[in-house]
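Peer 1: Pasting a structure here, questions to come.
The values are calculated or read from the model by the stated rules, or taken from the named source; none is laboratory data. As the structure is a prediction and not an experimental result, all values here were calculated from the model. Note: ideal-geometry Cβ built from the backbone for every residue, glycine included; neighbour counts use all protein chains shown.
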Amino acid sequence: MNFLSEINDKVYLSELNIAGTHDSATAYVSMENAARCQDKTIAEQLDMGVRFLDIRLTKKGDEFYLIHSLADCYSDKEKTKRLTFGEVLSDCKSFLSENPAETVIVSIKQDRGIINRWFFPPFYNKYIKGDEDSWYLENKVPTLGECRGKIVLMRRCRVWKSFYKTAKGGLNFSFWPDQARKKTTAKRVKLSGDTDAVVQDRYGLDLKTKWQCSKHYLDIAETLPKKLAVHFISTSAKTNGTLVGTAEYINKEFMQYPLKKGTGWIICDFPSREQIEKIMTSNTEKSEEI
């Protein structure tokens, strides 16, 4: 669906409500009860209207595989083939080729192994170098006109300062502190210039507390001028041993929530098509104001 095609080019992505998925590649995953957060493939999510993908990776040799912590992600229901980032990238580029007025935000995080600054440079060299025109790689929130038809890189892994002498690393969320069960204010992430971001990702809260926390930051998002608000309404709390029941509770509450324009990027587990449409269609009023 082309949810962004009618929105004015001058609108910043930080002014839009963007539907996203948490641990986006877990439709086919090992350790399902603990690790499965989605029931749609990447291609199916993009077709539904998802425009933010939460990608967790591990590097083995020259390959980058999709994972969720200790669980491995697969390309097929039978789990015979490990899912690589190359396949995810192909899905994104195919979608944008067919829908050039849209954009896709891809968040990259190393999610296994020794976390170090050597992870991202080989990722860049394998998937971005030589194809920079397919990506938005600045460390500032773009207008929609600047990123139509492109993948917006959001980087949750650090690099050495020397990296910036030869390349650009996208939106720098590498200093994103872990929140888990903390009940403090949403965490600030300083980007370049006068643009900040705030992130709510209290994944360790029980489902009812998590919704109250999520609702609070959804409520106050419009009071954060010049800030990008990223809301993870997902939680690791399980219902009957899986994440499905938890997501049903949170998503039901969200569907009853009076979502306002300019609330931010909303990251979900197991969202329905109706939930995605609620988020993405809320932007029309914003566009008409420009």
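Peer 1: For ASP9, are the conditions met, namely being part of a strand (DSSP E or B), in contact with a strand residue (DSSP E or B) (Cβ under 8 Å, 6 or more places away or on another chain) and charged (D, E, K, R)?
Peer 2: Here the answer is no, as ASP9 does not meet what is asked.
Peer 1: A follow-up question, please. Of VAL152, VAL106, VAL141, which residue is in a loop (DSSP other than H, G, I, E, B), buried (at least 20 other Cβ atoms within 10 Å of the Cβ) and aliphatic (A, V, I, L, M)?
Peer 2: So the residue among VAL152, VAL106, VAL141 that is in a loop (DSSP other than H, G, I, E, B), buried (at least 20 other Cβ atoms within 10 Å of the Cβ) and aliphatic (A, V, I, L, M) is VAL141.
Peer 1: Taking interchain pairs and intrachain pairs at least six residues apart, which have beta carbon atoms under 9 angstrom, with the first residue in segment 127-151 and closer than 15 Å to VAL106 by Cβ and free of Cβ contacts under 8 Å to residues at least 60 places away in the same chain and the second acidic (Asp, Glu) and part of a helix (DSSP H, G or I)?
Peer 2: TYR136/GLU146; GLU138/GLU146; LYS150/ASP133
Peer 1: Output the strands (runs of 3 or more DSSP E) that fall wholly within segment 184-290 and possess 1 or more residues being small (Gly, Ala, Ser), or say none.
Peer 2: 196-200, 227-232
Peer 1: Confirm whether ALA43 is at pLDDT 95 or above, of a type in the set (Gly, Ala, Ser) and in a loop (DSSP other than H, G, I, E, B).
Peer 2: When the stated conditions are applied, ALA43 does not pass them.
Peer 1: What are the residues in segment 119-138 that are surrounded by 14 or more Cβ atoms within 10 Å (Cβ to Cβ) and not acidic (Asp, Glu), if any?
Peer 2: Answer for segment 119-138, where residues must be surrounded by 14 or more Cβ atoms within 10 Å (Cβ to Cβ) and not acidic (Asp, Glu): PHE119, PHE120, PRO121, PHE123, TYR124, LYS126, TYR127, ILE128, SER134, TRP135, TYR136, LEU137.
Peer 1: Among PHE85, PHE52, PHE64, which is in contact with a strand residue (DSSP E or B) (Cβ under 8 Å, 6 or more places away or on another chain), buried (at least 16 other Cβ atoms within 10 Å of the Cβ), closer than 25 Å to GLN275 by Cα and aromatic (Phe, Trp, Tyr)?
Peer 2: Exactly one residue qualifies, and that residue is PHE52.
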